[in-house]
């Protein structure tokens, strides 16, 4: 395991950085203008860097009081298994705790990439089925 110290910055990445990350993790890319609007509407945004290279990212979207959605937790494949994703999640959940000061019962959601569910379980997430709720759905 790499013991290198990475830098975490609470900031919005550039659309180029974001698209580089999403392409590298297999999520494809979107037009820069679309990415800029989406990122600028985030409630919280955290980037991980190795020097000047963005290597990890996560953000929160939502209404600050009733619903939060943890979005875009990603780490470049060559940097995975170095606790970067864990550190990003810890920082995201610290911010969630601040929103809980407004409403302790705020609902916090995320969608795990297939096969990554166990990563999120370490932070206390369970499936909607386990919570006695309906299946998550997506509009086609």
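Nothing in this text is a laboratory measurement; each read-out follows from the coordinates by a stated rule. Quick caveat: nothing in here was measured; it's all calculated off a predicted structure. Every residue, glycine as well, gets a Cβ built from its backbone with ideal geometry; the counts of neighbours run over all protein chains shown.
What's the exposure ranking of 72, 50, going from fewest to most Cβ atoms within 10 Å? Spell out each step's value before the answer.
Numbers: 72 21, 50 18.
By the 10 Å Cβ count, ascending, the order reads 50, 72.
Considering the convex hull of the alpha carbon atoms of the chain, report its projected area averaged over all viewing directions, in nm², one decimal. Walk me through the numbers on the way to the answer.
On the way: hull surface 36.9 nm².
Value for the chain: 9.2 nm².
To make sure I understand, if each residue's beta carbon is the centre and we count other beta carbons within 10 Å, what order do 125, 67 fall in, fewest to most?
On the way: 125 17, 67 13.
The order, fewest Cβ neighbours first, is 67, 125.
How far apart, in nm, are two points set 7 Å out from the Cα along the Cα-to-Cβ line at residue 43 and at residue 103?
Using points 7 Å along Cα→Cβ, the separation is 0.8 nm.
On alpha-carbon atoms, Rg over Rh for the range 51-120 using Kirkwood Rh?
1.01
Cut-off 10 angstrom, C-alpha nodes, Gaussian network model of the chain. Which of 33, 94, 117 fluctuates the most?
The residue with the greatest mean-square fluctuation here is 33.
When the chain is treated as a GNM, springs tying every alpha-carbon pair under 10 Å, which of 30, 114, 100 comes out with the largest mean-square fluctuation?
Of 30, 114, 100, the Gaussian network model singles out 114 as fluctuating most.
Taking the chain as the reference, fit the longest principal axis to its C-alpha atoms, fit the long axis of helix 15-24 to the helix C-alpha atoms, and give the angle between the two in degrees, 0 to 90, nearest 10.
The helix 15-24 is inclined about 80 degrees to the chain.
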